[in-house]
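The values are calculated or read from the model by the stated rules, or taken from the named source; none is laboratory data. The model shown is predicted, which means the values in this text are computed figures rather than measured ones. In this analysis, Cβ positions are derived from the backbone assuming ideal geometry, glycine residues included, and neighbour counts consider all displayed protein chains. These accessible areas exclude ligands, DNA and RNA; they are computed on the full protein's heavy atoms, side chains included. Shrake-Rupley method; radii C 1.70, N 1.55, O 1.52, S 1.80 Å.
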Amino acid sequence: MKFRGKIIDIACLNHFTRVVTTISKLTKMCVLRLTPDNLFFVLSGKVANGGVSMWCELSQANFFDEYQMEGVSSEDNEICLEVTPENLSRALKTVQNAKAVKVKLTKKHCPCLTIAAELEMRCVWGYIHLQSALRTRIQPQPTLSSVSRVVTHDVPVDVIPRRLWHEFKEPSMPDFDVSIYLPPLKTMKNIVDRMKNLSNFLVIEANLNGEMNLKIETDLVSVTTHFRDLGNPPWGDDASQDGGPSQSRDPESMVEARVDIRRLQQFLVGQQVNPSKAMCNIVHQSVLHLILLHEDMSLQYFIPAVA
């Protein structure tokens with residue numbers, strides 16, 4: 001197995017760092033799946049058993065100026081690595097002003113993703129010149145020069161054996177009852193932050209008329225925030241739901257999922273990718289499926305409903 005990549009463009013490096021940082025806010029450990037065309041960050045929690053799951057897909061051509069990989073075989077041309085995204089995020093944050101950043105799969109004391117960055121340091125030097133004839137001292141004149149140095153970070157990883165790869169495939173789209181665009185994520189985050197002080201659980205409900213409510217209900221208080229005119233993605237009406245419940249559903253009828261508010265807050269707090277579209281699919285009283293779309297990446301996050 002071999003993998004090496006090189007990022008030269010600073011904007012691409014910054015964007016890649018934001019994606020990795022977002023992942024680090026969602027999970028302590030995940031699987032990095034490398035293919036010739038894409039990178040995937042995968043968390044394969046069993047939603048049916050109460051765990052969250054995540055699927056983040058990036059096109060390597062939109063981030064890397066150079067990208068080379070050889071999988072375990074020509075038939076299975078992939079590499080799967082278990083990685084701590086927080087460690088990868090920290091390494092990338094220290095090299096944001098690098099001339100170039102190389103990422104390579106290496107074998108040291110253990111398998112590692114080695115981040116090597118070429119940093120350019122500018123040094124100011126002064127000098128004193130004695131004028132021999134007049135014996136007068138000339139004031140120091142500063143000169144500017146550049147010195148390059150290479151900073152290396154080794155991020156330990158575990159290689160996932162081939163027999164376990166089936167656990168890290170793209171999750172199927174749930175047979176949702178309602179799909180709706182999300183309100184501005186910052187607005188939603190501020191509301192959820194306040195509600196978290198009142199309850200551990202939140203009910204998110206939506207309909208096919210572009211309406212969404214965030215609700216908490218306890219023995220002492222009941223609070224609801226209403227959103228209108230959010231819009232519904234077109235797939236909620238046709239191809240992906242042929243014969244599904246949404247086609248016959250009353251547009252005003254609400255579908256809901258009651259979720260752990262900490263998991264929803266974690267998703268909203270960690271988001272740093274500034275998506276062009278943000279939406280959610282709701283399987284009634286079963287699953288909340290959150291989706292962030294950017295021109296060069298997508299992130300799916302599944303939160304199970306609780307009774």
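At what distance in angstrom do the alpha carbon centres of segment 196-214 and segment 34-109 lie from each other?
Segment 196-214 and segment 34-109 have Cα centres separated by 34 Å.
May I ask you to derive the FRET efficiency for Ala11 and Lys186 from their Cβ-Cβ distance with R0 = 30 Å, giving the value to the nearest 0.05?
Values: r = 22 Å, r/R0 = 0.74.
Working from the Cβ atoms, E equals 0.85.
With the crude spin-label approximation of a point 7 Å out along Cα→Cβ, what separation in nm comes out for Lys107 versus Trp165?
It works out to 1.9 nm between the two label points.
On a 0 to 90 degree scale, rounded to 10, what angle separates helix 10-26 from the longest Cα axis of the chain?
Orientation of helix 10-26: about 50 degrees from the principal axis.
With a 10 Å cut-off between alpha carbons and a GNM built on the chain, which of Thr218, Thr21, Thr114 moves the most?
Per the Cα network of the chain with a 10 Å cutoff, Thr218 tops the list.
Would you mind getting the accessible area per residue of the chain, heavy atoms of the protein chains only, 1.4 Å probe, in Å²? All intermediate terms of the calculation are to be shown ahead of the outcome.
Details: 15930 Å² over 307 residues.
Dividing the accessible area of the chain by its residue count gives 52 Å².
If you line up the long axis of helix 261-270 against the longest principal axis of the chain, both from Cα atoms, how many degrees apart are they, to the nearest 10?
The helix 261-270 is inclined about 30 degrees to the chain.
Using a Gaussian network model of the chain with C-alpha springs under 10 Å, which one of Arg194, Arg33, Arg163 is most mobile by mean-square fluctuation?
It is Arg163.
Please give the contour-minus-distance gain from Ser74 to Ser276: 0.36 nm per residue of separation, less the Cα-Cα distance, rounded to one decimal in nm.
69.1 nm
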